[in-house]
């Protein structure tokens, strides 16, 4: 039984809910004490000689943080800004001594980096964006500055990491389910109380196409109860193409329609499945795994033996965790859906995002 299943079972009865509620209070006290040590000066946050921007959230999983980091890094790198990403490498299976750097490293393994940083390194390889994996973000930032003289360092999911000073916080909020039941983990999905929204310099609402305009306004109104001056941008996850992993080629979205099967290990698998259905797939089989799950040969054989020759679709984050001999098991019609985050509202809204990353970035772009 994984943690999510245990949590669901506990929520089914009063005693279990009481235990979760008590645990959330202890969690909240620990988070408050950790934050207060830095805010009061008991501990000192370290600074580096580079701009530091955190892209994070106050809820557990599913906001689209990784695609936001990719959007930010790509936009900066395309204009010649030296950008690096620092990540803790959540749930990596093998720990390296000191910071691990993913940059022109053909021997890198997702088990040492974590699935999301490893996936980002592959997507950003063409832009030569280094990714530094280190639980201590301050040490990771120093390594990025030392090796790459980075002009800006993006903290991947570092909002609750206070040891490194940052110049701006960009907080992502899922418009579909912004704050759950408004309780802290593990009773709810909040990593911090909603008052943490005060630390946001910019807020990006994600999955805005999956809710009504009225719901969007309700979410914005709730955010403004805690931060009435912050700029709030809207975004959507926009599918680009399918990638046929067996033939190593891109496939137009219009080429795959009708009955299909899918699998994923995501914070909110329903978003992925809804996207596929909107693209015209009729999902006959769905496999869901806990977030960050790695795949075994047995998993792949199950997919192959039970999909009944249907196209099989997954995500890039899942694909990088296939076992090395996956080609011996999956031989045809296996696709990865490529998805990008897009800021709604035209270039002006996108400029607000990039200028928060790098002041006057829109002017820099216009000069080039």
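Quick note: the coordinates plus some simple rules give every number you see, no bench work behind them. Every value quoted in this text rests on a predicted model; they were computed, and no experiment measured them. Note that each Cβ is placed from the backbone with ideal geometry, even for glycine, and that neighbours are counted across all protein chains shown.
So the values come out like this:
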read-out: Within segment 186-200, backbone nitrogen closer than 17 Å to the virtual label 7 Å beyond the Cα of residue 36 toward Cβ; value: 192-196
read-out: Taking segment 239-341 and dividing mean pair separation by its residue count, relative contact order in percent (alpha carbons under 8 Å, at least six apart); value: 39
read-out: Value of Rg to Rh for segment 239-341 (Rh from inverse mean 1/r over Cα pairs, i.e. Kirkwood); value: 0.91
read-out: Relative contact order (%) - criterion: Cα under 8 Å, at least six apart; region: the chain; value: 18
read-out: Rounded Å value of the spacing that divides the Cα centres of segment 141-161 and segment 311-365; value: 21
read-out: Quarter of the Cα convex hull surface for segment 19-96, i.e. its orientation-mean projected area (nm²); value: 8.3
read-out: Value at 222 nm in deg cm²/dmol, rounded to 500, when DSSP H runs of n ≥ 4 in the chain each add -39,500 (n - 2.57); value: -10500 deg cm²/dmol
read-out: Cα-based radius of gyration of segment 162-311 once divided by 2.2 N^0.38 Å, which approximates compact folds; value: 1.30
read-out: Whole-number percent relative contact order across segment 280-333, with pairs defined as alpha carbons under 8 Å at least 6 apart; value: 49
read-out: The chain - share of DSSP beta bridges that are antiparallel (%, nearest 5); value: 30
read-out: Cα-based convex hull, segment 84-160, per residue volume (Å³, whole number); value: 84
read-out: Where only C-alpha atoms are counted, convex hull volume of the chain per residue in Å³; value: 160
read-out: Overall form of segment 74-226 per C-alpha gyration tensor (a/c, 1.5; a/b vs b/c); value: prolate
read-out: Order by protection proxy (mean Cβ within 10 Å, highest first), peptides 212-220, 43-51, 264-272; value: 264-272, 43-51, 212-220
read-out: Cα-based Rg of segment 1-62 normalised by 2.2 N^0.38 Å, two decimals; value: 1.63
